[in-house]
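Before any comments, here is the structure.
The values are calculated or read from the model by the stated rules, or taken from the named source; none is laboratory data. Given the structure is predicted, the values throughout are model-derived calculations rather than measurements. Cβ atoms come from the backbone with ideal geometry, glycine included; neighbour counts cover every protein chain shown.
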Amino acid sequence: MHPAFDVAAGTTATPITFVSKSSLSSAMDVLGSSSRQFAEAAGFKARPGQCLLLPSAKGGLENVLFGVEDESARWRDPFRPGQLPGLLPPGTYRFANAPHDARLATLAFALGSYRFSRYRKAEPLDVKLLLANELDAEDLSRMAEAASLARDLINVPANDMGPEQLADAARALADRFGAKFSCIVGEELLAKNFPLIHAVGKASSRAPRLIDFTWGEASHPKVTLVGKGVCFDTGGVDLKPASGMLIMKKDMGGAANVLALAQMIMDAKLKVRLRVLIPAVENAVAGNAFRPLDIYPSRKGPTVEIGNTDAEGRLVLADALALADEEKPDLLIDLGTLTGAARVALGPELPPFYTRDEALADDVARHARAEHDPLWRLPLWPPYDSWLDSKTADINNAPSGGFAGSITCALFLGRFVEPATRWLHVDIYGWTPSSKPARPEGGECQAARAIYKLVAERYG
Ligand code: BES
Ligand code: MN
Ligand code: ZN
């Protein structure tokens with residue numbers, strides 16, 4: 001069970017009452033005149049996010065009032081209750097009435113209790129929520145725990161989260177669920193034909209590698225997850241400016257979310273043969289780094305001209321996707337923090353996704369909405385495919401012009417996946433720039449929850 005949850009029947013729990021501006025008066029009728037007087041004296045107006053601790057006659061804590069948006073509001077944040085763990089004193093609580101989505105509110109409570117405390121001792125929160133019987137406590141726990149895993153992996157700085165440590169984290173997860181783990185490291189990448197992963201990672205003193213683990217019965221449908229594991233992205237020789245480089249420890253966010261997704265799938269024992277592939281590299285600067293206009297072969301065959309060494313994510317994913325595709329998976333999914341252009345288009349909270357499969361697109365959009373793990377479809381727009389043409393090689397990794405950068409990145413990846421493969425690509429951000437309810441500033445779990453539910457629905 002997630003540490004923010006309690007399910008023990010009989011536990012005494014302080015009620016949390018959700019109130020909006022329009023329901024405040026009737027809520028106070030129920031709570032009595034001294035509570036009403038106290039709320040008025042304290043200036044409690046049921047503004048969204050406003051919290052009031054109501055004392056009992058004996059001086060204890062009788063009730064918590066928490067303001068939420070009115071029903072008529074343009075938008076009601078289903079994660080608003082994620083603020084509660086940061087506002088409440090230690091203790092066990094329960095929802096006295098239903099927030100507008102009780103399941104997401106409960107999930108938000110756990111997501112909002114996350115703290116990254118590896119490098120600085122934080123006071124333990126000790127705030128627990130007693131779950132309502134009708135909720136699936138295990139599933140909510142599973143999702144909140146996966147989010148913590150993704151956030152932790154991203155938040156650990158690059159000095160402690162290089163390709164080797166990322167592989168250690170993947171191995172620990174594989175071991176926990178009895179998955180078969182292997183890893184191809186350094187020069188061996190060339191011998192085993194992963195030229196692009198090697199090219200991107202070779203300038204770092206921390207050797208590049210391809211993490212590979214497999215779980216589940218061989219006869220089950222094959223679901224393969226590929227995650228961009230760039231442990232730090234300096235941009236390479238096409239060096240990023242300081243402002244653009246600052247948060248590039250998060251450039252393994254695709255890998256972190258793939259591991260979070262794998263953890264949910266394995267923990268729920270979904271009937272799939274799961275494979276996880278993570279090209280783990282550091283895009284560093286050194287005399288032996290790959291350069292603009294270098295040309296490399298790729299695992300799948302096409303030669304790749306380097307238009308920009310900062311478009312490294314699509315290079316490492318290209319070789320990993322080619323390997324994944326060789327065994328014709330039933331569903332091939334890749335996640336990566338691939339372009340700044342995706343942020344320009346949709347901002348940090350709404351990652352674009354791409355697929356050639358209409359039914360899959362509908363399902364992704366539906367689960368993204370239901371889980372409040374928002375995703376928005378963008379097209380693999382065929383007319384832009386020719387922008388990837390190179391004058392000297394089969395394909396260029398960074399078209400000049402810079403238009404539609406997230407789309408051209410998706411089209412680039414599409415060249416390394418057979419048209420017949422059911423493929424989903426998500427260009428995530430993996431980071432919350434400033435805290436919001438249930439979403440503390442820093443590394444973020446994106447797309448994993450929606451895709452977990454999709455996989456569970458299709459192969460549960
Ligand atoms: N990791 C970055 C993408 C990124 C940048 C994500 C900032 C989130 C915030 C990626 O490797 C990258 O540098 N992409 C380039 C591609 C360009 C050179 C074609 C970009 O988006 O600028
Ligand atoms: Mn880059
Ligand atoms: Zn990158």
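Okay, here's what the table says:
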quantity: Those residues of segment 142-159 which are more than 16 Å from the chain's Cα centre (by Cα) and in contact (Cβ under 8 Å) with a residue 24 or more places away in the chain, in sequence order; calculated: Pro157, Ala158
quantity: Index of the failed condition, Val417 passing every other in (1) surrounded by 19 or more Cβ atoms within 10 Å (Cβ to Cβ); (2) out of contact with any Phe, Trp or Tyr (no Cβ under 6 Å at 6 or more places or on another chain); (3) of a type outside the set (S, T, N, Q); (4) within 30 Å of Glu217 (Cα to Cα); calculated: (2)
quantity: Subset of segment 319-351 that is surrounded by 24 or more Cβ atoms within 10 Å (Cβ to Cβ) and within 13 Å of ligand 1 (Cβ to nearest atom) - its residue that is farthest from Gly244 (Cα to Cα); calculated: Leu335
quantity: Odd one out for Leu246, checked against (1) of a type outside the set (Ser, Thr, Tyr); (2) within 16 Å of ligand 2 (Cβ to nearest atom); (3) in contact with an Asp or Glu (Cβ under 9 Å, 6 or more places away or on another chain); calculated: (3)
quantity: Qualifying positions in segment 214-233 - surrounded by fewer than 24 Cβ atoms within 10 Å (Cβ to Cβ) and either more than 10 Å from ligand 3 (Cβ to nearest atom) or in a loop (DSSP other than H, G, I, E, B) (or both); calculated: Thr214, Trp215, Gly216, Glu217, Ala218, Ser219, His220, Pro221, Lys222
quantity: Ala170 assigned to a helix (DSSP H, G or I), farther than 16 Å from Val316 by Cα, in contact with a strand residue (DSSP E or B) (Cβ under 9 Å, 6 or more places away or on another chain) and in the same structural domain as Val304 (by TED's automatic domain parsing); calculated: yes
quantity: Among the residues listed as Leu129, Leu104, Leu140, Leu88, the single one being buried (at least 16 other Cβ atoms within 10 Å of the Cβ) and over 22 Å from Gln50 (Cβ atoms); calculated: Leu140
quantity: Of all residues in segment 283-342 being of a type in the set (Lys, Arg) and over 23 Å from the mean Cα position of the chain (by Cα), the one that is farthest from ligand 3 (Cβ to nearest atom); calculated: Lys328
quantity: Tally of residues being over 11 Å from Asn283 (Cα atoms) and of a type in the set (Phe, Trp, Tyr) across segment 231-259; calculated: 0
quantity: In segment 143-155, the residues that are under 16 Å from Leu335 (Cα atoms) and either surrounded by fewer than 20 Cβ atoms within 10 Å (Cβ to Cβ) or charged (D, E, K, R) (or both); calculated: Arg151
quantity: Members of segment 383-399 found to be farther than 19 Å from Tyr296 by Cβ and either touching a His at 6+ places or on another chain (Cβ under 6 Å) or within 16 Å of ligand 1 (Cβ to nearest atom) (or both), listed by number; calculated: Tyr384, Asp385, Trp387
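Condition check ((1) small (Gly, Ala, Ser); (2) within 16 Å of ligand 3 (Cβ to nearest atom); (3) not in a loop (DSSP other than H, G, I, E, B)) across all residues:
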site: Leu380; (1), (2), (3): no, no, no
site: Ala398; (1), (2), (3): yes, yes, no
site: Leu411; (1), (2), (3): no, no, yes
site: Ser434; (1), (2), (3): yes, no, no
site: Arg449; (1), (2), (3): no, no, yes
site: Tyr452; (1), (2), (3): no, no, yes
